[in-house]
Amino acid sequence: MTTATFDMPVGAQKSFGTAGVAVALLLPIALVNAIGFILPVLNLARMSFNEALPGGGIAEALTAANWTGLLHDSFYIELITNSIVVSLGITLATLLVSYPIALYLHRASGAWRTFLTVLVISPLLTSAVVRTYGWIALLAEQGPVANVIASMGFQPPRMMFNTTGVVIGLTEILMPYMILSLMAGFGRLDPKVEEAARTLGATPFRTFWRVILPLTLPGIALGCLLCFVLAISSFITPKLMGGGRVFLLATEIYDQAIVTLNWPLAATLSMLVLIIFGAALAVYSRILRMIEG
Amino acid sequence: MMHQTIKRDGVETIGDPYLCLEGMNKKYGLVEVISNLNLAVRKGELIALLGPSGCGKTTTLRMIAGLIAPTAGRITVGGRDVTQIAPHGRDMGLVFQSYALFPHMTVAKNVAFGLEMRGLSRADIANKVAKALGMVQLEHLAERKPRELSGGQQQRVALARALVIEPSILLLDEPLSNLDAKLRDEMRTQIRDIQQQLGITTVFVTHDQVEALSMCDRIVVMKGGLIEQVGTPHEIYERPATPFVASFVGRTNRVKGKRTADGCIRIGSSMIRSARPAVQDDVMVMVRPHRIHIDWNAASTEQQGETANRMAAVLSRITFVGDVIQYHFDVGGSEFIVEESTKKSQVSRDQGDKAVLSWSVEDTLVFGADQ
């Protein structure tokens, strides 16, 4: 008499086991992402084709009016270009002030490095609202910065409730992100390689230009991507430091959604921000391929 | 016409002092890593800085390259004081232990870098790069990136990059330590050949005594920031100036002895002689393992000649290493290792076998016990 056995082959059982564990581990985050991100984004995309009724009503429709309206309204064209230009400016300013700090941190060692790294990260422990109010106090018309400029005999420029204020505030707020991204991307920078350049006859300036800068490009690209994305989607600082006079995509989305109650237009602008993110990511991966290639 | 060392004004010929270090000193805080180092490297010679890690050899090399500023002292190259000159103005080629190739440049671009810094024309650069890569047999890899090369190939790129600028001095910082044993032997020969072909004055830092002995014209043995001895490989090996040199370069047996009234040295109950007289009452006697002859059949140590030392010994252990066999003997309480070349028909020996060890008086190195 034969007894049937229902055991699975050992190998199959094992691979099923690992795959099962992987699925079990990934399922929660996949669900959270699907419910908390993908579904709302799809909903937003759908809403951008709806029709807005006066007084905040939404009419189910399938119209491209919101999209075409954006592209034909000079206010929105300017808003979009302005947002991109200001965000690029903030990214560049953040890069310029963060690069030397990141390079110094990369070369520092031991307790000194730990201390400085903590110092760089510590602003992240404070909310952006608090830091923005700090900047408002510093840059206000009779504030300390204006007083210092005035005491040197110059007419202090307006630094508050205009684009200058937004750029200054966001640059400082984004610096920790830029410094951390730069440091993460400085892995290929070996001090021995700089020394090799020096012994081969390169001046410090040419060593920087030909060796240090090219080797830190991956970090620069990463930091710029992150800061650009954070700058163009930031809302609190432009709202507070712009004083209602600086119009950027994020502030406009807020106004359309909360003040004007035109949700379809807010959804369209949100989708536009997502498209800009996608474009930035595409540019980033292209640059990265160029550097690595 | 016997010597070709006719010195013309400003032109050094082979053999003249070229790179001179005078009173070099380097302190990190209160720690002195180099103390009063004086060294004259001759034009065209390959000199090794040999010593254990932390002896100051790499610090010395980096001071020559200008990557570390000395606390005190002077460095001259062909009479020109370069102590205060920045590394990019020193005209020295440095090959790093880790090669330090530019990872973002091709092999050809790496080699061209120094020439571009010197503002050569595009055609000249292409020409010289091709020649330099030819010298290290890497023409076919010119367009590769360093990460696509093996360790040995990267090493040769680093060498070509340092040599293509035709530096006044070539500095090699443990260039072979990251290669496997077989490749290391090949590169040793190749570096020595290129160095002699170009007649370039070269300073070679190594902790490997075999490298120093086999490649270099002269060796500087360093320990604790001080020079222990400078000499040819033969001098360093045969006439070590200090017990440290004797034990660091080549293997050696060490045994304590006492000086007697007639100038001999007493070890246990045996009396031995050395070519150099002992300078202290308590001495350290050293003998190279392969310079000792084993007489398995000798009845006694009586036939003490003028030229040989003889001591009775008991075999305690045998180690078979392949090309040599090591016999560990007990000689009056001290261990003596004797090496013999292996033969196919080796007579097997047993622990406890008695023998008489003999070696030449010439091969007996004597140092003060506290040296």
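Filter the stretch B:34-74 down to the residues that are touching a helix residue (DSSP H, G or I) at 6+ places or on another chain (Cβ under 6 Å), more than 19 Å from B:Q229 (Cβ to Cβ) and touching a residue at least 40 places away in the same chain (Cβ under 8 Å) and list them by number.
B:A65, B:I68, B:P70
Does the stretch A:166-179 contain any residue that is within 14 Å of another protein chain (Cβ to nearest Cβ), part of a helix (DSSP H, G or I) and open to solvent by 30 Å² or more (accessible area, probe 1.4 Å)?
no
Look through the stretch B:48-70, keep the residues that are β-branched (V, I, T), in a helix (DSSP H, G or I) and open to solvent by 10 Å² or more (accessible area, probe 1.4 Å), and return whichever of them is nearest to the other protein chains (Cβ to nearest Cβ).
B:T58
Is it the case, given these coordinates, that A:V148 is in a helix (DSSP H, G or I) and surrounded by 15 or more Cβ atoms within 10 Å (Cβ to Cβ)?
Against the criterion (in a helix (DSSP H, G or I) and surrounded by 15 or more Cβ atoms within 10 Å (Cβ to Cβ)), A:V148 does not qualify.
Quick check on my filter: what residues within the stretch A:261-288 are more than 18 Å from the chain's Cα centre (by Cα) and open to solvent by less than 40 Å² (accessible area, probe 1.4 Å)?
A:N262, A:P264, A:L265, A:A266, A:A267, A:T268
Output the number of residues of the stretch B:235-283 satisfying the condition of being within 26 Å of the chain's Cα centre (by Cα), basic (K, R) and in a strand (DSSP E or B).
Total meeting the criteria: 1.
When the stretch B:339-371 is examined, which residues are found to be under 11 Å from B:A313 (Cα atoms) and surrounded by 15 or more Cβ atoms within 10 Å (Cβ to Cβ)?
Within the stretch B:339-371, B:D353, B:A355, B:V356, B:L357, B:S358 meet the criteria.
Please determine, by comparing only the residues of the stretch A:188-210 that are outside any helix (DSSP H, G or I) and touching a helix residue (DSSP H, G or I) at 6+ places or on another chain (Cβ under 8 Å), which one is farthest from the other protein chains (Cβ to nearest Cβ).
Across the stretch A:188-210, the extreme among qualifying residues is A:L189.
Residues being of a type in the set (K, R) and either within 14 Å of chain A (Cβ to nearest Cβ) or in a loop (DSSP other than H, G, I, E, B) (or both): count how many of those fall in the stretch B:130-161.
Result for the stretch B:130-161: 4.
Assigned to a strand (DSSP E or B), within 21 Å of the chain's Cα centre (by Cα) and either away from chain A (no Cβ under 14 Å) or surrounded by 21 or more Cβ atoms within 10 Å (Cβ to Cβ) (or both): does that describe B:G73?
The answer is no for B:G73.
All but one of (1) of a type outside the set (G, A, S); (2) away from chain B (no Cβ under 14 Å); (3) crowded, with 21+ Cβ neighbours inside 10 Å; (4) in contact with a Phe, Trp or Tyr (Cβ under 8 Å, 6 or more places away or on another chain) hold for A:F228; which doesn't?
Evaluating A:F228 over (1) of a type outside the set (G, A, S); (2) away from chain B (no Cβ under 14 Å); (3) crowded, with 21+ Cβ neighbours inside 10 Å; (4) in contact with a Phe, Trp or Tyr (Cβ under 8 Å, 6 or more places away or on another chain) leaves (4) as the failure.
Does the stretch B:79-94 hold any residues that are at positive phi and at the interface with chain A (Cβ under 7 Å from one of its Cβ atoms), and which are they?
none
Quick check on my filter: what residues within the stretch A:213-225 are out of contact with any Gly (no Cβ under 6 Å at 6 or more places or on another chain), within 14 Å of chain B (Cβ to nearest Cβ) and surrounded by 20 or more Cβ atoms within 10 Å (Cβ to Cβ)?
If the condition is that a residue be out of contact with any Gly (no Cβ under 6 Å at 6 or more places or on another chain), within 14 Å of chain B (Cβ to nearest Cβ) and surrounded by 20 or more Cβ atoms within 10 Å (Cβ to Cβ), then A:L215, A:T216, A:I220, A:A221 are the ones that fit.
State whether one or more residues within the stretch B:97-111 are open to solvent by 30 Å² or more (accessible area, probe 1.4 Å), within 13 Å of another protein chain (Cβ to nearest Cβ) and among the basic types (K, R).
Within the stretch B:97-111, one or more residues are open to solvent by 30 Å² or more (accessible area, probe 1.4 Å), within 13 Å of another protein chain (Cβ to nearest Cβ) and among the basic types (K, R).
The values are calculated or read from the model by the stated rules, or taken from the named source; none is laboratory data. In this text the structure is predicted, and so the values were computed from the model without any measurement. Neighbour counts are summed over all protein chains in view; Cβ atoms, including those assigned to glycine, are modelled from backbone coordinates with ideal geometry. The area values use the complete protein model at the heavy-atom level, side chains included, leaving out ligands, DNA and RNA. Shrake-Rupley method; radii C 1.70, N 1.55, O 1.52, S 1.80 Å.
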